[in-house]
Structure formats: C-alpha cells, structure tokens
1. If I compute solvent accessible area with a 1.4 Å probe over the protein chains, what percent of it on the chain is carbon and sulfur?
2. Across the stretch 1-49, how large is the tail of the calculated P(r) beyond 18 Å, expressed as a percent of all Cα pairs?
3. So for the chain, considering every pair of alpha-carbon atoms, how many percent are separated by more than 19 Å?
4. What value, in deg cm²/dmol to 500, does the helix sum -39500 (n - 2.57) over DSSP H runs of n ≥ 4 give at 222 nm once divided by the residues of the chain?
5. At most 14 other Cβ atoms within 10 Å and a DSSP loop assignment: could you name the GluC sites (Glu not before Pro) in the stretch 11-95 that fit?
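The values are calculated or read from the model by the stated rules, or taken from the named source; none is laboratory data. Since we're looking at a predicted model, the values are computed, not measured. Reconstructed Cβ throughout: ideal geometry from the backbone, glycine too, with neighbour counts over all protein chains shown. Accessible surface areas use protein heavy atoms only, side chains included; no ligands, DNA or RNA. Shrake-Rupley method; radii C 1.70, N 1.55, O 1.52, S 1.80 Å.
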Amino acid sequence: MPDAEFLAKTSVARYARTLDDLPPADREHRLQTLADFARYVSRDPDAMIGEVFDEQTRKYRKRGFYTDKAGEFAATYDEPRNAQLQRSNIIRAFFIANGRRLLPEVPDWMRS
C-alpha cells in the first residue's frame, strides 16, 4: 500500500474515491500500481494531471507522453499482454478520475 503522503495527494484522493466499491485488495493493488507508475515516470501525481492538459489554452500537452509511458510501464511486468493492458488501464482510469483522458491503447490484433 502506498504511504499516507502519496494517498493525500489531491489527484490520488480523487482517484481513490472512485475505488470505494472495490474489495480492499483490488483497491490497494490499483493504488500501488499508480504509485509505481508515478515512480516510473519520476513525477508527482498532481503534477501529472497539471502537465497533461493546459488550462489556459484548453489543449492537451503531454497526453501522448503519458499514453506511451503507461504502455511502457505495463510492459515492464512479465505477465500476459492482457494483464499488461489491464495495468495500463489503471493509469488511464487515474487520469479519467481527474478529468483528463489518455489515448486508448491499440490492441495487438488491430496493429498491422
């Protein structure tokens, strides 16, 4: 389970509230996955939300960066591709819970 300081971040707390209906083990897994991703990209979760979308111009700035990093992060785990997609979807859910969207990952069967 991530530490209390991490869980107190505004963006993490917002995401955690969306997980309230899950079993504790699943909730902890998702929050730990988010903490591991933040460490992977060396970013504070609140900073990630601030970086991905420019409020002044109302345009996405680093959406491609975080989309790519979510896929790269998931691929670092030695698990089936489906499990990796589920892991990267946890990262996408964090952004969605905070009002930001990442690009969807293209499944292998749709790639040429």
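1. It is 51 percent, rounded to a whole number.
2. Everything past 18 Å amounts to 20 percent.
3. Cα-Cα pairs of the chain separated by over 19 Å account for 43 percent.
4. So the calculated ellipticity at 222 nm is -18500 deg cm²/dmol.
5. Sparse-neighbourhood loop GluC sites (Glu not before Pro): Glu55.
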